[in-house]
Structure formats: structure tokens, C-alpha cells
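Peer 1: Before anything else, here's the structure in question.
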Amino acid sequence: MLTFILNLAGAAALLLWSVRIIRTGVQRAFKSELRTWLRRSSGNPPLAAGTGVIAAILLQSSTAVALLVTNFAAKGTIAVGVGLAIFLGADLGSAIVTQILLVRAAWLIPLLLLIGVALFLKGQQPKIRQSGRILIGLALVLVSLDMIRMATDPIRDSAAIAPFAGYLARDVFSAFIVGALLAWAMHSSVAAVLMFVTFAAQGLLPATAAMAMVLGANLGGSFIPFTLTLGAPANARIIVIGNLFLRGGGAVIALLMLNFAVFPLDALGGTAERQTINLHLAYNLAVVLLSLPLITPLTRFLDRILADPISPDAVKIERISALDDTTLDDPDRALIGASREVLHIGEKIEAMLSSVLGLYQTWDDATAKAIRENESEVNAMYFDTKLYLAKLHQKQLPEKIAHRSMELSSVAINLEAAGDVISKNLLGMAHKVHDKGLKFSPQGWRELCDFHDRVLSNVQLSLNVLMTNGVDAARQLVEEKETVRDVEAELQRRHLERLRKGTTESIETSNIHQETLRALKQINTAVSMVAYSILRDTGELLPSRLAEHNEEHG
């Protein structure tokens, strides 16, 4: 029994890790494109649901899509109803993923590994390397499923299993709860469903028990983003709670139908495995089709309940600086405090950048005032951090700490410069658009939004690098800097092409369009500097470009 538990646990761990490898590869290679696709689908709920399906198939996770969508909604980039449609589509996409990953072909695993490893080790472009990572992850998923089958095969006819399986078959409500808890604990409904279906295929679970557990996994999977967004703004929570109500509540209704034998099980397939996996797909498809007409009334209802209270007399609690003069005699603690302060500067920059582009279309005095106030706070924090690190340098510091202190000073300088570009350049141009009543061409505005979103994503990545000092994330940030440079040049070329065609809106907004692109590129360059010292210290950075990628730094 101990061997069985160890083998099954190891197979489940590999399954979880494999799904994560795929998701990491997709995020590193195609995150910007995914964000763009999701945001562009915002005008049409059915299209939004279809985009969610594709995004979940690529990311192997509806939760990852949910976090992207709630981030957009929190910043006002997409409407709440559209976000919920995308999320429901992502649930269907994750069900399609389980169908794909259950394909059994002996030749597929070595082929995926061969191609994946070759692309990962020999690819010169980031997207090629990450595509190799994705193929390796897919191969490992198939390996893990084979491991589950091999682990469970010896006990398939065990006398100890029969009573437990029979109990779950008789009490589908217990099976439902077990499935929900396991999916939530694994933080992956895809992995949980694959495991339950494999149990059914091995004869460890009767069809009714496996189907109840899969329905439970739908409820448990809906709780994962709910727990991850408890502190999010109301717009983000409405999307997550709406999905929990529709997908999770629907799972309870489907369980009742299963218990009373409403489902035509024979129509779902000829085996327990096929019936279980087809039920999962059919259920999520039904949720999407039946829920789309309910999205608008549901989001309105939740908005009335969850709307953030607005109180003009609310007390503002002042932030306490992380810079503590009493720690200057302890350089390690002092650097931790300085790092926290620099990270907070970066968070202010992120908030400013996420808000400023919306002012190009709809001017709002309160938002503009908030951006200016943030800039004043950034300047004050930068000045205090600079003085604090200067005081620290008056001590006799070890070389490593002195080097880290200089790095933090450089990061603070670049972040403060990014804040200046936002508050002076971008905010000033947004006000000019408002004053003169200018309008961008549809294509020009879409390009600005896409480029802004790419830069904002890199700002968020830079904060991750600042927190973790991760080499992989730092390399990705520097590679994105090169990509942004090329994209900006291409967008400038497209704008000039529209000018040659005499597009009226492009002529009227020409200077502002071009200056906005240049300002966003400046911001991206500033935040990318966070990565350079990390890569230089690890030998990843040559004087003029990234070092050649090798297998140790994949």
C-alpha cells in the first residue's frame, strides 16, 4: 500500500508540474499576445467566450485566464460582463484541454520530447525556446498519466478498493465533495479531472462516482480564483463570484440530475472513461450556452451587492516608510527596507501607467489628480531612498552589500524617470487630446492600446524581477525590451503609412500618436534596467547583448 501511495503521489506531482511547465511556456512566449486578444474581444460576449476558450487551451488553465481577466477589469480595461464571458469560455477551454491530453499514442511521448528538447536547447528566439518548453510539458503530462495507470493497475482488483468505490457510486454527494476538495487542493481542475478520468479508465471508480467527482472538480476549480482574488476591487470579484455562481452552482444542479438518473449516460460514451470525460465537456459547453443570456442581469445584481463604497469623508491612512534609520547599523536589514521602498515606487508607477491611457479617450479630473499625486509621492520616496542609501554608504560596507546598494539606487533613478514620463508627457498629451477634441483613427487607437498593454505587462514583470531576483524573469524582461523596440518601430511605420493615405484622424493626432509611442518605449526601457545587474552578475549579459542561451538558463 505504501508503494501504491508513493507512486500515485509522485505521478500526481508530475502531472501538476507538467501543467505548470506548459502554462509557464505559454506565458513567457505569448503573454502579450494573449492579453491583446482578450482585450480586443471586449465588444462581443460570444466572441469573448470564444477567446476565453482559446486562451485556456493555450494556458492549460482557466484560473490563469481568470487572473488576467480580473486584472483587466480591476483597471477598467474591459467591462465586467465581457470578463465573465471570457471566464466562462475559459472553463470550456479547460474541458477541451482534458480531451486533448487523454489522447493515448505510444509514439507521441518520444516525438514531443525529441522536438521539445531540440527547440528548447537549440532555439535562438525566445518564442522558439518556450515552444519547446510547452512540448516538453505536454509529453510529461502524458508520462504522468501513464504513471497513474501503472500505479493503480496492481490494486484495480483489490478487495479493499471495491467497498470504497461502491460507497462513492451509491453516495454521489460524497464523491462530489471529494472531487471539489481535491481540485481545490491541487489548484488545478484540469489535473484533478485527468486523474479522476484515469481512475475510471482503470476500473477504480464506477462511472457515476467518477462523474460526480468531475462535477465536484468544476465547483472546486471555481473556488480557486475566488480565494486568489478576495482582496481585489469589486469589478474583479464580480467576475469571479459570477463564475462561481454559474459554473459552481450549475455543478450542484448537474449533480442532482446525475443522482436522479436524468443524464442519458449511454449517449455520453460506451466506457466509464469516455462517459466521464464527455460529461465534463458537455457540462461546460452547456454552462457557456445557458449563461451568456444571464451575464448582464447577474453582473448588475452582483454590482449592487459588491460595489466598493465611496465615502468622500473616508479617513486616509498614511503609508509608513520602509526606510528605518535605526537599521543603518545592520546593512542587511537596511537593504531589505530600501528594497521594499523601491518596490513601492514601482507599484506607484504601475498604478499611474495603468490609468493614464484611459484619459486619452475620456478625461477625468480625479484620475489626473491621482496620477499627479502619485508622481509627487514617487519623487518624495525616490529622494528619501537616495539619501537613505547615501547614509548607508558612509558605513564600512562589504563589497556585496555596497554593490547591491548601488543597484537599488540605479533602479530607483530609472523608476522615478518613468514616473516623470507618465505625469509630464503622457498626462500632458492626454489633456491636449481632451482640450482640442481630437480622435484617433480606430487602427491607431488599437495600436496604442496594444502597445500600452505590452509595456504595462513589462512593468509588472519588472516588479517580479525586483522581488525575486530571478534569472529567467530577468532574461525575459531584457528580451521583451528588444521586442518593444522593434514593435515601436513597426507601429511608427504603420502610422506614417496612414498619413500617406491621408487618414484624417491620423493627421490630426500625428504628433501625439508618435510621442505616445516614444514615451511608452522610454518607460519600458527604464523599468527593464531592473534586470541588467542580475544578468550581468550571472554572466548572462554580454557588453552589448544577452549571452547565448544554454541549457542551464532555460
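Peer 1: How do the helices (runs of 4 or more DSSP H) wholly within the range 169-252 filter down when requiring 1 or more residues that are surrounded by fewer than 19 Cβ atoms within 10 Å (Cβ to Cβ): which remain?
Peer 2: Helices (runs of 4 or more DSSP H) meeting the threshold: 172-186, 207-228, 234-243.
Peer 1: Within the range 378-392, does at least one residue satisfy the condition of being free of Cβ contacts under 8 Å to residues at least 60 places away in the same chain, within 17 Å of S533 (Cβ to Cβ) and open to solvent by less than 80 Å² (accessible area, probe 1.4 Å)?
Peer 2: Yes, the range 378-392 has at least one match.
Peer 1: Confirm whether A48 is under 21 Å from I128 (Cα atoms), buried (at least 21 other Cβ atoms within 10 Å of the Cβ) and either among the hydroxyl-bearing types (S, T, Y) or modelled with pLDDT of 80 or more (or both).
Peer 2: Considered against the rule, which asks whether it is under 21 Å from I128 (Cα atoms), buried (at least 21 other Cβ atoms within 10 Å of the Cβ) and either among the hydroxyl-bearing types (S, T, Y) or modelled with pLDDT of 80 or more (or both), A48 comes out as no.
Peer 1: All but one of (1) buried (at least 24 other Cβ atoms within 10 Å of the Cβ); (2) closer than 30 Å to I349 by Cα; (3) modelled with pLDDT under 85 hold for N71; which doesn't?
Peer 2: Evaluating N71 over (1) buried (at least 24 other Cβ atoms within 10 Å of the Cβ); (2) closer than 30 Å to I349 by Cα; (3) modelled with pLDDT under 85 leaves (1) as the failure.
Peer 1: Please pick out the residue among Q443, Q522 that is assigned to a helix (DSSP H, G or I) and farther than 30 Å from E373 by Cβ.
Peer 2: Step by step, each of Q443, Q522 is checked, and only Q443 is assigned to a helix (DSSP H, G or I) and farther than 30 Å from E373 by Cβ.
Peer 1: Check L335 against each of (1) open to solvent by less than 20 Å² (accessible area, probe 1.4 Å); (2) under 30 Å from H513 (Cβ atoms); (3) of a type outside the set (F, W, Y); (4) modelled with pLDDT under 90 and name the one condition it does not meet.
Peer 2: (2) is the only condition that L335 fails.
Peer 1: Now, a different point. Within the range 154-211, track down each residue that is at pLDDT below 80 and among the β-branched types (V, I, T).
Peer 2: Of everything in the range 154-211, those that are at pLDDT below 80 and among the β-branched types (V, I, T) turn out to be I155, I161.
Peer 1: Do we find a residue being under 31 Å from the mean Cα position of the chain (by Cα), of a type in the set (A, V, I, L, M, F, W, C), loosely packed, with under 15 Cβ neighbours inside 10 Å and closer than 23 Å to A66 by Cα anywhere in the range 273-280?
Peer 2: no
Peer 1: Looking at R454, R404, R446 in this structure, which one is in contact (Cβ under 8 Å) with a residue 24 or more places away in the chain, among the charged types (D, E, K, R) and exposed (fewer than 15 other Cβ atoms within 10 Å of the Cβ)?
Peer 2: Result of the check over R454, R404, R446: R446.
Peer 1: Using beta carbons and a limit of 7 Å, which pairs, at least six apart or on different chains, have the first residue in the range 1-28 and over 15 Å from G116 (Cβ atoms) and modelled with pLDDT of 85 or more and the second one open to solvent by less than 30 Å² (accessible area, probe 1.4 Å) and in a helix (DSSP H, G or I)?
Peer 2: Pairs that qualify, where the first residue is over 15 Å from G116 (Cβ atoms) and modelled with pLDDT of 85 or more and the partner is open to solvent by less than 30 Å² (accessible area, probe 1.4 Å) and in a helix (DSSP H, G or I), are L14/S144.
The values are calculated or read from the model by the stated rules, or taken from the named source; none is laboratory data. Note that this is a predicted model, so its numbers are computed, not measured. All Cβ positions, glycine included, derive from the backbone under ideal geometry; neighbour counts span all protein chains shown. Note: areas computed on protein heavy atoms with side chains; ligands, DNA, RNA excluded. Shrake-Rupley method; radii C 1.70, N 1.55, O 1.52, S 1.80 Å.
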